[in-house]
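The values are calculated or read from the model by the stated rules, or taken from the named source; none is laboratory data. The structure presented is a predicted model; accordingly, all values stated were derived computationally and were not measured. Note that we place each Cβ from the backbone using ideal geometry, even for glycine, and neighbour counts take in every protein chain shown.
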């Protein structure tokens, strides 16, 4: 047993070293609120995967688990096709307020096809090599944020640096009476994958994957400050779209019949990001009128999704239950490391029926201190920023797996607090964000 543990710790050390070196290779790019928002992911996939809260790096045998660890593809022994629908209700509410933002959404969570080839009559040597093509939705952004404060530091003094660009002056420095920020966020992050894996002696499974990512995000914001009968209103629009290519590698090792150890690493992506902005400023302060921010569009070729390292251990308890524990590490450009702890359990009360439950806790890409500073030239008019705090997930799932078809359903509850800043001098609005998610998976295998 000590030998197996030593091997496992060596694997973890090597993977962590690769993860840190990869992160250093991309840390020359400055920290960006845009990069942070686009890099965020949620635990979403098949009903079984959601029910286990994503703790499946060491388990495999599921298309969503394969996107995390391609070695899990090696556990398949027959062809399979699967599709999953995601229904979610997102709600945001500022602490102490009663005006909530609420959205209902439907989306395709995943679709996959597995092709299994090999000689399963033997137990030694190369037994099988499998392939999978897949689509996975990593994140759907449909949030309406509404923040309110009775008073606070004004935005006007920050605009003084932009006097030349805006052709106006705002000599108004006193504290305003009230302010509100309405932020409407829409977007998605998708992944298209091609995976290959091998099964060696039913003990060692190794896999490789190619990932093509696409991401979009639009943000409409409307900020208002009131000074008695006078006001300042700032409206901004930002749109991001991009693509990237990355790779992943992983392995699963079964030293004992009741123990599985899994590890996977995802490289940073190579890609580009196009951003366009627009804005409008209206003010009655000192009888000034309306000014428009110039419409801008620029492309960055240094946008990367984060390095991702995943490690897991799964314990078989008898013939009808399994417990999995998992730790994930993410490293984005010049931001703190993100840590994720996941735990899941699977029970088979009768043959063909599966019950899952899981819990996950994830830290976030949060930069300590003040929010992202405004561009001193003020060419971009979006002055807001947000820093999500720790996110937590709780989930349950029920599934049936027959000779040819499978049906699974899962419920997930996600909760998180977000510090939303209207501008760099503003105190944050404390936003409580929750999600109720139902996923339904239908599959066929032979």
ask   = In the set 436, 423, 445, which member is within 30 Å of residue 158 (Cα to Cα) and modelled with pLDDT of 85 or more?
value = 423
query = Any idea which residue in region 38-61 is surrounded by the most Cβ atoms within 10 Å (Cβ to Cβ), counting only those that are out of contact with any strand residue (DSSP E or B) (no Cβ under 7 Å at 6 or more places or on another chain) and part of a helix (DSSP H, G or I)?
reply = 49
ask   = Taking residue 152, is it on the phi > 0 side of the Ramachandran plot and in contact (Cβ under 8 Å) with a residue 12 or more places away in the chain?
value = yes
note = Filtering region 33-61 down to residues that are within 27 Å of residue 388 (Cβ to Cβ) and in contact with a helix residue (DSSP H, G or I) (Cβ under 6 Å, 6 or more places away or on another chain) yields 45, 46, 49, 56, 57
ask   = Could we say that residue 96 is outside any strand (DSSP E or B), modelled with pLDDT of 95 or more and out of contact with any strand residue (DSSP E or B) (no Cβ under 6 Å at 6 or more places or on another chain) here?
value = no
Residue check for residue 102: without any contact (Cβ under 8 Å) to a residue 60 or more places away in the chain, surrounded by fewer than 15 Cβ atoms within 10 Å (Cβ to Cβ) and not in a strand (DSSP E or B) = no
request  = Kindly indicate the residue of region 120-141 that is surrounded by fewer than 14 Cβ atoms within 10 Å (Cβ to Cβ) and free of Cβ contacts under 8 Å to residues at least 60 places away in the same chain and also nearest to residue 84 (Cα to Cα) among those meeting that condition.
outcome  = 120
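Does any residue of region 110-132 turn out to be within 20 Å of residue 391 (Cβ to Cβ) and either part of a loop (DSSP other than H, G, I, E, B) or at pLDDT 95 or above (or both)?
no
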task = Taking residue 360 as the residue in question, decide whether it is closer than 30 Å to residue 408 by Cα and either modelled with pLDDT under 75 or within 14 Å of the chain's Cα centre (by Cα) (or both).
result = yes
task = State all residues of region 412-423 that are under 16 Å from residue 360 (Cβ atoms) and either touching a helix residue (DSSP H, G or I) at 6+ places or on another chain (Cβ under 7 Å) or outside any strand (DSSP E or B) (or both); if no residue qualifies, say none.
result = 412
ask   = Where in region 182-287 are the strands (runs of 3 or more DSSP E), entirely inside, with at least 1 residues that are buried (at least 16 other Cβ atoms within 10 Å of the Cβ) and modelled with pLDDT of 95 or more?
value = 204-227, 230-256, 259-266
Search result, residues across region 397-416 that are closer than 30 Å to residue 94 by Cβ and surrounded by fewer than 16 Cβ atoms within 10 Å (Cβ to Cβ) = 413, 415
key: Residue in region 308-328 that is under 30 Å from residue 101 (Cβ atoms) and at pLDDT below 90 present   = no
query = Taking interchain pairs and intrachain pairs at least six residues apart, which have beta carbon atoms under 8 angstrom, with the first residue in region 424-443 and assigned to a loop (DSSP other than H, G, I, E, B) and the second surrounded by fewer than 16 Cβ atoms within 10 Å (Cβ to Cβ)?
reply = 424/370; 424/373; 425/157
